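The values are calculated or read from the model by the stated rules, or taken from the named source; none is laboratory data. The model shown is predicted, which means the values in this text are computed figures rather than measured ones. Note that we place each Cβ from the backbone using ideal geometry, even for glycine, and neighbour counts take in every protein chain shown. Accessible surface areas use protein heavy atoms only, side chains included; no ligands, DNA or RNA. Shrake-Rupley method; radii C 1.70, N 1.55, O 1.52, S 1.80 Å.
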Amino acid sequence: MSANCLNEARRVMTICNSCRYCEGFCAVFPAMELRRTFTDQDLKYFANLCHNCRDCYYACQYAPPHTFDLNVPKSLAKLRLETYEESTWPAALSGLFRNNGRAVLLTTSFCVLALLLITAAFNGFSLPFETYTGEDNTFYQVLPYKAIVSSFMVIGLVVFFCLMKGFLKFWQATGESLKDFFNLRANITAVWDVLRLKYLDGGGYGCNYPDDKFSMIRRNFHHGVFYGFMLCFTSTAVAAFYDHFLSSPAPYPFFSLPVLLGTTGGISIVIGCGGLLFLKEKMDSAPADIQGLSMDVGFILLLFLTSFSGLLLLLLRATPFMGILLIIHVGIVAAFFILMPYGKFIHGFLRYAALVKNAREQLVNKTDKK
Ligand code: SF4
Ligand code: SF4
(Lines give C-alpha, C1' and ligand atoms only; values in the text may rest on other atoms or scores of the structure.)
(Ligands and ions follow the chains in the order given, each with its own letter.)
Protein backbone atom coordinates (compact mmCIF):
# COMPACT_ATOMS: atom_id res chain seq x y z
CA MET A 1 0.00 0.00 0.00
CA SER A 2 1.45 3.36 -0.99
CA ALA A 3 2.30 5.87 1.75
CA ASN A 4 1.30 8.74 -0.58
CA CYS A 5 -2.23 7.43 -0.86
CA LEU A 6 -2.61 7.00 2.90
CA ASN A 7 -1.02 10.40 3.64
CA GLU A 8 -3.34 12.18 1.21
CA ALA A 9 -6.41 10.48 2.70
CA ARG A 10 -5.18 11.43 6.19
CA ARG A 11 -4.66 15.07 5.15
CA VAL A 12 -8.12 15.24 3.60
CA MET A 13 -9.87 13.68 6.60
CA THR A 14 -7.99 15.95 9.03
CA ILE A 15 -9.28 19.06 7.21
CA CYS A 16 -12.81 17.61 6.98
CA ASN A 17 -12.77 16.84 10.70
CA SER A 18 -12.36 20.51 11.52
CA CYS A 19 -15.07 21.52 9.04
CA ARG A 20 -17.74 18.78 9.26
CA TYR A 21 -20.03 20.54 6.80
CA CYS A 22 -20.73 17.25 4.93
CA GLU A 23 -21.72 15.13 7.92
CA GLY A 24 -25.25 14.45 6.63
CA PHE A 25 -24.20 13.03 3.25
CA CYS A 26 -22.95 9.55 4.14
CA ALA A 27 -21.49 7.28 6.80
CA VAL A 28 -17.87 8.44 6.29
CA PHE A 29 -18.25 11.76 8.09
CA PRO A 30 -20.03 10.45 11.24
CA ALA A 31 -17.35 7.70 11.44
CA MET A 32 -14.61 10.34 11.02
CA GLU A 33 -16.14 12.45 13.80
CA LEU A 34 -15.62 9.64 16.31
CA ARG A 35 -11.85 10.14 15.94
CA ARG A 36 -9.32 12.93 16.48
CA THR A 37 -6.50 11.24 14.56
CA PHE A 38 -6.60 8.65 11.78
CA THR A 39 -4.64 5.39 11.69
CA ASP A 40 -4.03 3.50 8.45
CA GLN A 41 -6.72 1.06 9.58
CA ASP A 42 -9.26 3.88 9.96
CA LEU A 43 -8.48 5.24 6.52
CA LYS A 44 -8.90 1.85 4.81
CA TYR A 45 -12.24 1.53 6.56
CA PHE A 46 -13.37 5.03 5.47
CA ALA A 47 -12.32 4.31 1.89
CA ASN A 48 -14.76 1.39 1.76
CA LEU A 49 -17.55 3.27 3.52
CA CYS A 50 -17.43 5.87 0.75
CA HIS A 51 -19.93 5.17 -2.05
CA ASN A 52 -18.39 7.74 -4.36
CA CYS A 53 -21.58 9.81 -4.46
CA ARG A 54 -19.46 12.98 -4.93
CA ASP A 55 -21.78 15.17 -2.87
CA CYS A 56 -18.87 16.26 -0.67
CA TYR A 57 -16.79 17.27 -3.70
CA TYR A 58 -19.33 19.72 -5.12
CA ALA A 59 -20.24 21.04 -1.65
CA CYS A 60 -16.64 21.69 -0.63
CA GLN A 61 -15.26 25.22 -0.40
CA TYR A 62 -11.72 23.75 -0.37
CA ALA A 63 -12.10 21.70 -3.57
CA PRO A 64 -9.89 22.66 -6.55
CA PRO A 65 -9.02 25.38 -7.53
CA HIS A 66 -8.68 26.20 -3.79
CA THR A 67 -5.08 25.84 -2.65
CA PHE A 68 -6.09 23.05 -0.22
CA ASP A 69 -6.93 21.01 -3.35
CA LEU A 70 -9.36 18.87 -1.36
CA ASN A 71 -10.90 16.01 -3.34
CA VAL A 72 -12.44 13.52 -0.90
CA PRO A 73 -14.04 11.12 -3.45
CA LYS A 74 -10.85 10.88 -5.50
CA SER A 75 -8.55 10.40 -2.49
CA LEU A 76 -10.79 7.70 -1.03
CA ALA A 77 -11.27 6.02 -4.44
CA LYS A 78 -7.49 5.74 -4.88
CA LEU A 79 -7.13 4.25 -1.43
CA ARG A 80 -10.10 1.94 -2.00
CA LEU A 81 -8.44 0.47 -5.08
CA GLU A 82 -5.33 -0.20 -2.98
CA THR A 83 -7.41 -1.96 -0.33
CA TYR A 84 -8.81 -4.24 -3.07
CA GLU A 85 -5.28 -5.07 -4.13
CA GLU A 86 -4.14 -5.60 -0.55
CA SER A 87 -7.07 -7.95 0.11
CA THR A 88 -6.47 -10.10 -2.97
CA TRP A 89 -5.94 -13.80 -2.47
CA PRO A 90 -3.60 -15.08 -3.82
CA ALA A 91 -1.68 -11.79 -3.59
CA ALA A 92 0.19 -12.53 -6.85
CA LEU A 93 -3.04 -11.76 -8.75
CA SER A 94 -3.52 -8.27 -7.28
CA GLY A 95 -2.24 -6.69 -10.53
CA LEU A 96 -5.50 -7.76 -12.21
CA PHE A 97 -7.36 -4.86 -10.58
CA ARG A 98 -5.39 -2.24 -12.52
CA ASN A 99 -5.52 -4.22 -15.77
CA ASN A 100 -9.08 -5.32 -15.41
CA GLY A 101 -10.25 -4.40 -18.92
CA ARG A 102 -7.54 -6.61 -20.42
CA ALA A 103 -8.22 -9.39 -17.89
CA VAL A 104 -11.94 -9.38 -18.78
CA LEU A 105 -11.21 -9.52 -22.51
CA LEU A 106 -8.61 -12.30 -22.28
CA THR A 107 -10.46 -14.46 -19.73
CA THR A 108 -13.78 -14.22 -21.60
CA SER A 109 -12.17 -15.02 -24.97
CA PHE A 110 -10.27 -17.91 -23.43
CA CYS A 111 -13.35 -19.43 -21.76
CA VAL A 112 -15.54 -19.17 -24.88
CA LEU A 113 -12.80 -20.54 -27.16
CA ALA A 114 -11.91 -23.37 -24.76
CA LEU A 115 -15.56 -24.45 -24.54
CA LEU A 116 -15.92 -24.35 -28.31
CA LEU A 117 -12.79 -26.46 -28.82
CA ILE A 118 -13.71 -28.98 -26.12
CA THR A 119 -17.21 -29.39 -27.59
CA ALA A 120 -15.77 -29.78 -31.08
CA ALA A 121 -13.13 -32.28 -29.89
CA PHE A 122 -15.79 -34.56 -28.40
CA ASN A 123 -18.66 -34.08 -30.83
CA GLY A 124 -17.33 -32.45 -33.99
CA PHE A 125 -17.55 -28.82 -35.17
CA SER A 126 -21.06 -29.15 -36.57
CA LEU A 127 -22.74 -29.80 -33.19
CA PRO A 128 -22.97 -26.17 -31.95
CA PHE A 129 -24.61 -25.19 -35.26
CA GLU A 130 -27.27 -27.91 -35.48
CA THR A 131 -30.97 -27.06 -35.16
CA TYR A 132 -32.53 -28.04 -31.87
CA THR A 133 -36.30 -28.10 -31.86
CA GLY A 134 -39.19 -29.69 -29.99
CA GLU A 135 -38.42 -32.58 -27.68
CA ASP A 136 -34.76 -32.61 -28.68
CA ASN A 137 -34.30 -29.01 -27.63
CA THR A 138 -32.00 -29.63 -24.72
CA PHE A 139 -28.90 -27.71 -23.71
CA TYR A 140 -27.23 -30.87 -22.53
CA GLN A 141 -26.89 -32.17 -26.08
CA VAL A 142 -24.31 -29.42 -26.61
CA LEU A 143 -22.69 -29.24 -23.18
CA PRO A 144 -23.03 -32.41 -21.08
CA TYR A 145 -24.85 -31.88 -17.79
CA LYS A 146 -22.16 -33.52 -15.63
CA ALA A 147 -19.40 -31.43 -17.25
CA ILE A 148 -21.27 -28.15 -16.63
CA VAL A 149 -22.24 -28.94 -13.03
CA SER A 150 -18.84 -30.30 -11.97
CA SER A 151 -16.88 -27.43 -13.64
CA PHE A 152 -19.05 -24.75 -12.02
CA MET A 153 -18.93 -26.47 -8.65
CA VAL A 154 -15.12 -26.45 -8.72
CA ILE A 155 -14.94 -22.84 -9.98
CA GLY A 156 -17.60 -21.75 -7.45
CA LEU A 157 -15.80 -23.31 -4.48
CA VAL A 158 -12.40 -21.85 -5.43
CA VAL A 159 -13.91 -18.40 -6.06
CA PHE A 160 -15.84 -18.48 -2.78
CA PHE A 161 -12.66 -19.41 -0.90
CA CYS A 162 -10.70 -16.54 -2.55
CA LEU A 163 -13.50 -14.04 -1.80
CA MET A 164 -13.68 -15.13 1.85
CA LYS A 165 -9.89 -14.86 2.20
CA GLY A 166 -10.07 -11.34 0.74
CA PHE A 167 -12.93 -10.40 3.03
CA LEU A 168 -11.02 -11.62 6.11
CA LYS A 169 -7.82 -9.87 5.05
CA PHE A 170 -9.71 -6.58 4.74
CA TRP A 171 -11.62 -7.06 8.00
CA GLN A 172 -8.35 -7.60 9.85
CA ALA A 173 -6.71 -4.66 8.00
CA THR A 174 -9.36 -2.39 9.56
CA GLY A 175 -8.16 -3.47 13.01
CA GLU A 176 -11.00 -5.87 13.87
CA SER A 177 -10.87 -9.43 15.17
CA LEU A 178 -13.03 -12.16 13.65
CA LYS A 179 -15.17 -12.27 16.80
CA ASP A 180 -16.10 -8.59 16.31
CA PHE A 181 -17.78 -9.44 13.03
CA PHE A 182 -20.42 -11.66 14.61
CA ASN A 183 -22.50 -8.90 16.09
CA LEU A 184 -26.13 -9.63 15.23
CA ARG A 185 -27.47 -6.07 15.54
CA ALA A 186 -24.61 -4.66 13.50
CA ASN A 187 -25.18 -7.25 10.77
CA ILE A 188 -28.93 -6.59 10.65
CA THR A 189 -28.27 -2.84 10.31
CA ALA A 190 -25.66 -3.44 7.61
CA VAL A 191 -27.96 -5.77 5.63
CA TRP A 192 -30.74 -3.16 5.80
CA ASP A 193 -28.27 -0.48 4.60
CA VAL A 194 -27.29 -2.71 1.67
CA LEU A 195 -30.87 -3.57 0.70
CA ARG A 196 -31.81 0.12 0.59
CA LEU A 197 -28.44 1.28 -0.81
CA LYS A 198 -28.89 3.82 1.94
CA TYR A 199 -25.80 5.91 1.38
CA LEU A 200 -26.38 6.34 -2.34
CA ASP A 201 -29.20 8.71 -1.43
CA GLY A 202 -26.73 11.41 -0.32
CA GLY A 203 -28.76 12.24 2.79
CA GLY A 204 -32.05 12.30 0.84
CA TYR A 205 -31.23 14.17 -2.37
CA GLY A 206 -29.19 11.58 -4.27
CA CYS A 207 -25.71 11.63 -5.74
CA ASN A 208 -24.01 14.48 -7.57
CA TYR A 209 -23.61 12.09 -10.47
CA PRO A 210 -22.90 12.24 -13.37
CA ASP A 211 -22.49 16.00 -12.78
CA ASP A 212 -23.05 18.55 -10.03
CA LYS A 213 -26.86 18.16 -9.94
CA PHE A 214 -28.45 15.95 -7.26
CA SER A 215 -30.01 12.86 -8.79
CA MET A 216 -31.27 9.39 -7.79
CA ILE A 217 -30.48 7.97 -11.23
CA ARG A 218 -27.25 6.21 -10.20
CA ARG A 219 -28.97 4.70 -7.17
CA ASN A 220 -31.85 3.43 -9.34
CA PHE A 221 -29.52 1.79 -11.86
CA HIS A 222 -27.47 0.28 -9.04
CA HIS A 223 -30.69 -1.12 -7.54
CA GLY A 224 -31.50 -2.60 -10.97
CA VAL A 225 -28.15 -4.40 -11.06
CA PHE A 226 -28.28 -5.56 -7.43
CA TYR A 227 -31.84 -6.90 -7.45
CA GLY A 228 -31.45 -8.27 -10.98
CA PHE A 229 -28.42 -10.24 -9.77
CA MET A 230 -30.39 -11.58 -6.79
CA LEU A 231 -33.27 -12.65 -9.08
CA CYS A 232 -30.87 -14.49 -11.43
CA PHE A 233 -29.25 -16.18 -8.44
CA THR A 234 -32.71 -17.28 -7.20
CA SER A 235 -33.59 -18.49 -10.70
CA THR A 236 -30.48 -20.72 -10.75
CA ALA A 237 -31.32 -22.09 -7.30
CA VAL A 238 -34.93 -22.85 -8.33
CA ALA A 239 -33.72 -24.51 -11.56
CA ALA A 240 -31.33 -26.69 -9.54
CA PHE A 241 -34.25 -27.67 -7.27
CA TYR A 242 -36.42 -28.60 -10.29
CA ASP A 243 -33.58 -30.62 -11.74
CA HIS A 244 -32.52 -32.52 -8.61
CA PHE A 245 -35.80 -32.93 -6.75
CA LEU A 246 -38.49 -32.80 -9.45
CA SER A 247 -36.51 -34.63 -12.18
CA SER A 248 -37.26 -31.76 -14.55
CA PRO A 249 -34.10 -30.69 -16.42
CA ALA A 250 -33.60 -27.41 -18.39
CA PRO A 251 -34.68 -25.87 -20.71
CA TYR A 252 -37.95 -24.77 -19.03
CA PRO A 253 -41.04 -23.19 -20.64
CA PHE A 254 -41.19 -19.38 -20.93
CA PHE A 255 -43.74 -19.06 -18.13
CA SER A 256 -42.03 -21.41 -15.66
CA LEU A 257 -40.70 -19.96 -12.39
CA PRO A 258 -36.96 -20.26 -13.19
CA VAL A 259 -37.40 -18.59 -16.59
CA LEU A 260 -39.63 -15.79 -15.24
CA LEU A 261 -37.15 -15.06 -12.42
CA GLY A 262 -34.13 -15.26 -14.73
CA THR A 263 -35.75 -13.12 -17.44
CA THR A 264 -36.84 -10.40 -15.02
CA GLY A 265 -33.42 -10.44 -13.37
CA GLY A 266 -31.61 -10.43 -16.72
CA ILE A 267 -33.60 -7.48 -18.07
CA SER A 268 -33.04 -5.59 -14.81
CA ILE A 269 -29.27 -6.20 -15.02
CA VAL A 270 -29.12 -5.17 -18.70
CA ILE A 271 -30.95 -1.90 -17.97
CA GLY A 272 -28.95 -1.25 -14.77
CA CYS A 273 -25.55 -1.99 -16.35
CA GLY A 274 -26.42 -0.09 -19.54
CA GLY A 275 -27.47 2.91 -17.44
CA LEU A 276 -24.33 2.80 -15.28
CA LEU A 277 -22.11 2.60 -18.37
CA PHE A 278 -23.97 5.57 -19.90
CA LEU A 279 -23.46 7.57 -16.69
CA LYS A 280 -19.76 6.66 -16.63
CA GLU A 281 -19.42 8.01 -20.16
CA LYS A 282 -21.10 11.30 -19.15
CA MET A 283 -19.57 11.77 -15.69
CA ASP A 284 -17.34 14.61 -14.57
CA SER A 285 -13.88 13.02 -14.33
CA ALA A 286 -12.49 15.56 -11.79
CA PRO A 287 -13.64 13.61 -8.68
CA ALA A 288 -12.84 10.22 -10.31
CA ASP A 289 -9.84 7.95 -9.89
CA ILE A 290 -9.02 7.25 -13.53
CA GLN A 291 -6.88 4.22 -12.60
CA GLY A 292 -9.92 2.46 -11.18
CA LEU A 293 -12.08 3.21 -14.19
CA SER A 294 -11.00 0.17 -16.23
CA MET A 295 -11.98 -2.07 -13.29
CA ASP A 296 -15.43 -0.47 -13.03
CA VAL A 297 -16.11 -0.57 -16.75
CA GLY A 298 -14.71 -4.12 -17.15
CA PHE A 299 -16.98 -5.46 -14.42
CA ILE A 300 -20.13 -3.68 -15.59
CA LEU A 301 -19.52 -4.76 -19.18
CA LEU A 302 -18.97 -8.40 -18.20
CA LEU A 303 -22.14 -8.44 -16.12
CA PHE A 304 -24.05 -6.80 -18.99
CA LEU A 305 -22.77 -9.44 -21.44
CA THR A 306 -23.62 -12.27 -19.04
CA SER A 307 -27.26 -11.18 -18.89
CA PHE A 308 -27.56 -10.09 -22.49
CA SER A 309 -26.21 -13.41 -23.84
CA GLY A 310 -28.58 -15.27 -21.46
CA LEU A 311 -31.59 -13.35 -22.76
CA LEU A 312 -30.51 -13.90 -26.36
CA LEU A 313 -30.16 -17.62 -25.68
CA LEU A 314 -33.67 -17.70 -24.25
CA LEU A 315 -35.11 -15.98 -27.33
CA LEU A 316 -33.25 -18.12 -29.87
CA ARG A 317 -33.14 -21.48 -28.11
CA ALA A 318 -35.28 -23.26 -30.72
CA THR A 319 -33.15 -22.05 -33.64
CA PRO A 320 -29.83 -23.16 -35.18
CA PHE A 321 -28.13 -20.48 -33.03
CA MET A 322 -28.88 -22.25 -29.76
CA GLY A 323 -25.68 -24.33 -29.65
CA ILE A 324 -23.23 -21.52 -30.33
CA LEU A 325 -25.14 -19.09 -28.11
CA LEU A 326 -25.08 -21.59 -25.26
CA ILE A 327 -21.31 -21.95 -25.59
CA ILE A 328 -20.85 -18.15 -25.67
CA HIS A 329 -23.17 -17.61 -22.67
CA VAL A 330 -21.61 -20.34 -20.54
CA GLY A 331 -18.11 -19.06 -21.47
CA ILE A 332 -19.02 -15.52 -20.38
CA VAL A 333 -20.59 -16.79 -17.14
CA ALA A 334 -17.43 -18.82 -16.42
CA ALA A 335 -15.24 -15.73 -17.00
CA PHE A 336 -17.51 -13.69 -14.71
CA PHE A 337 -17.13 -16.28 -11.94
CA ILE A 338 -13.37 -16.64 -12.36
CA LEU A 339 -12.84 -12.85 -12.17
CA MET A 340 -15.16 -12.26 -9.20
CA PRO A 341 -12.32 -11.97 -6.63
CA TYR A 342 -10.14 -9.84 -8.97
CA GLY A 343 -12.49 -7.07 -10.07
CA LYS A 344 -15.18 -4.72 -8.89
CA PHE A 345 -17.32 -7.58 -7.58
CA ILE A 346 -15.16 -7.61 -4.44
CA HIS A 347 -16.47 -4.17 -3.51
CA GLY A 348 -19.70 -5.79 -2.29
CA PHE A 349 -17.76 -7.81 0.30
CA LEU A 350 -15.45 -5.02 1.47
CA ARG A 351 -18.28 -2.47 1.60
CA TYR A 352 -20.36 -4.89 3.66
CA ALA A 353 -17.45 -5.34 6.10
CA ALA A 354 -17.14 -1.54 6.40
CA LEU A 355 -20.90 -1.19 6.99
CA VAL A 356 -20.82 -3.81 9.77
CA LYS A 357 -17.90 -2.01 11.44
CA ASN A 358 -19.77 1.29 11.07
CA ALA A 359 -22.97 -0.14 12.57
CA ARG A 360 -21.00 -1.55 15.51
CA GLU A 361 -19.27 1.77 16.16
CA GLN A 362 -22.49 3.74 15.99
CA LEU A 363 -24.24 1.30 18.36
CA VAL A 364 -21.39 1.60 20.89
CA ASN A 365 -21.43 5.38 20.50
CA LYS A 366 -25.18 5.57 21.18
CA THR A 367 -24.82 3.33 24.25
CA ASP A 368 -21.94 5.48 25.58
CA LYS A 369 -23.99 8.67 25.20
CA LYS A 370 -26.89 7.29 27.28
S1 SF4 B 1 -15.41 17.98 2.01
FE2 SF4 B 1 -15.02 20.17 2.33
S3 SF4 B 1 -16.99 20.97 2.98
FE4 SF4 B 1 -17.08 18.75 3.26
S5 SF4 B 1 -16.45 18.39 5.38
FE6 SF4 B 1 -14.63 18.22 4.07
S7 SF4 B 1 -13.73 20.25 4.14
FE8 SF4 B 1 -15.83 20.46 4.82
S1 SF4 C 1 -18.11 10.93 -2.06
FE2 SF4 C 1 -20.11 10.68 -1.06
S3 SF4 C 1 -19.89 8.76 0.02
FE4 SF4 C 1 -17.83 9.45 -0.46
S5 SF4 C 1 -17.15 10.64 1.32
FE6 SF4 C 1 -18.06 12.07 -0.13
S7 SF4 C 1 -20.18 12.26 0.53
FE8 SF4 C 1 -19.37 10.42 1.46
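A few comments on the model shown:
- 13 Å beta-carbon shell around Gly275, net charge (K/R +1, D/E -1): +3
- Ile324 - accessible surface, heavy atoms, 1.4 Å probe, Å² rounded to 10: 40
- Rg to Rh quotient for the range 241-281, alpha carbon positions, Kirkwood Rh: 1.24
- Extreme residue, positive dipole direction of the chain, given options Ile15, Ala59, Gly348 (C-beta unit charges): Ile15
- Ratio of Rg to Rh for the chain: 1.02 [Cα atoms; Kirkwood radius as inverse mean 1/r over pairs].
- Estimated D of the range 233-370 in µm² per second, where Rh is the Kirkwood radius over Cα pairs and Stokes-Einstein applies at 20 °C, 1.002 mPa s: 120
- Unpaired cysteine residues in the chain (no second Cys Cβ under 4.7 Å): Cys5, Cys16, Cys19, Cys26, Cys50, Cys60, Cys111, Cys162, Cys232, Cys273.
- If you plug the beta carbon distance of Lys366 and Gln141 into 1/(1 + (r/R0)^6) with R0 = 51 Å, you get a FRET efficiency near 0.25.
- When exposed loop sites are taken as GluC sites (Glu not before Pro) in a DSSP loop with at most 16 other Cβ atoms within 10 Å, the longest stretch of the chain clear of them is 131-370.
- Computed over all pairs of different Cα atoms, the Kirkwood value for the hydrodynamic radius of the range 130-271 is 18.9 Å.
- Residue range of the chain that is longest and free of chymotrypsin sites (Phe, Trp or Tyr not before Pro) which are both DSSP loop and sparsely packed (at most 11 other C-beta within 10 Å): 1-124
- Computed from phi, the 3J(HN,Hα) profile of the range 344-351 under the Karplus parametrisation 6.51, -1.76, 1.60 (θ = phi - 60°) reads 4, 3, 5, 4, x, 6, 5, 5 Hz, with x in place of Gly and Pro.
- Other residues with beta-carbon under 15 Å from the beta-carbon of Leu178 carry, at +1 per Lys or Arg and -1 per Asp or Glu, a net charge of +3.
- Between helix 40-49 and the chain there is an angle of about 60 degrees, using the helix long axis and the longest principal axis of the Cα atoms.
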